C-alpha cells in the first residue's frame, strides 16, 4: 500500500480522535497501556455526541454508550482483550460504568483526565522557577505596542470571575495542563518581552475554564461557558502564536484587551488558516 503526502490545502481536511497529550507527557499515566489511551480517546469523542443527544443524568453529568462489540471493532481486538482494556480504564479511574439492567448497555461516565491533586502545584513550581533567563527590567519597561496593555485590567488574576467563583485546586490542575498543552516555556522564549501578555492569556483561559457560570459573552454573543471551555482546551502553542500575531498586526488601538483576547482565543481554530493565508497573499502581491 502506498500513501501520498499531505499538501497545504489538505492539512485541515480530516477528522481525528483526540487522545490527551498529558497521557504521554505526565509520569502518572506511564502505566496506562497504549490501547487504553486510545480507547479513552474514542470514548472522549463520544462525549460531545452524548451532549447533543441530551444523555445527561440528574446530576448534570454526561454519559456515553459503547458496547464491547463496538470496542472490538474499533481496536481490532478480541472480546476478552477488549474487556480487559475497558477494565483497565475503569481501574485507573478514568471511566465509571453503571449497569442499566439486563439487556441494556451500561452507562459509561468518562472522567476528566485533568486530575486535581497537590502534586500539580508542586510540579508547577518546579517547572516554572528558574526555567528562563531573567529579562532586564529596563528592557521590559521600554517595550510597548498598540494594545496599551499596561493601562488595562489585564494584570488582574481573575478579570472575569470573582474570587468566590474559583476552585483553587481545579485552577491549579488546569494551569498545569495548559502550561503543557500550549508549551508555555517555548512561547516565553519566543516572546521574551511579552510575558505579561502570555500570563494574561493563560489567566483569562483559566478564568473561563474554571468558571461556575452558565454563560459568557464572546464578541457580543452569549455562549455557554461549557462550549467556550471546550474550545479553549483544544488550543495549543500555534493558536497562541496566532493570537499574538493578530495583536501585532492589528492597525487599531485595542481598548478592551480582555474582550479582544476572549474573542481571538475562541475563534483561533476557525480563523488561523485564513489569517496566515491573507498575509501570504499580501506578501505575494507586493513582490
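Quick notes on this structure:
- Which numbered condition residue 125 fails, given (1) at pLDDT below 90; (2) assigned by TED's automatic domain parsing to the domain that holds residue 22: (2)
- Hits in the range 209-267 (condition: within 22 Å of residue 174 (Cβ to Cβ) and part of a strand (DSSP E or B)): 215, 216, 217, 218, 223, 224
- Here residue 283 does not qualify as out of contact with any strand residue (DSSP E or B) (no Cβ under 6 Å at 6 or more places or on another chain), modelled with pLDDT of 85 or more and surrounded by fewer than 17 Cβ atoms within 10 Å (Cβ to Cβ).
- Criterion applied to 62, 71 was being crowded, with 17+ Cβ neighbours inside 10 Å and more than 24 Å from the chain's Cα centre (by Cα), and the one residue passing it is 71.
Yes or no, residue by residue, for (1) farther than 27 Å from residue 100 by Cβ; (2) in a loop (DSSP other than H, G, I, E, B); (3) touching a helix residue (DSSP H, G or I) at 6+ places or on another chain (Cβ under 9 Å); (4) at pLDDT 90 or above:
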position: 2; (1), (2), (3), (4): yes, yes, no, no
position: 12; (1), (2), (3), (4): yes, yes, yes, no
position: 19; (1), (2), (3), (4): yes, yes, yes, no
position: 46; (1), (2), (3), (4): no, no, no, no
position: 51; (1), (2), (3), (4): no, no, yes, no
position: 60; (1), (2), (3), (4): no, yes, no, no
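The values are calculated or read from the model by the stated rules, or taken from the named source; none is laboratory data. What you see is a predicted model; the values in this text were computed from it and never measured. Every residue, glycine among them, receives a Cβ derived from its backbone with ideal geometry; neighbour counts consider all protein chains shown.
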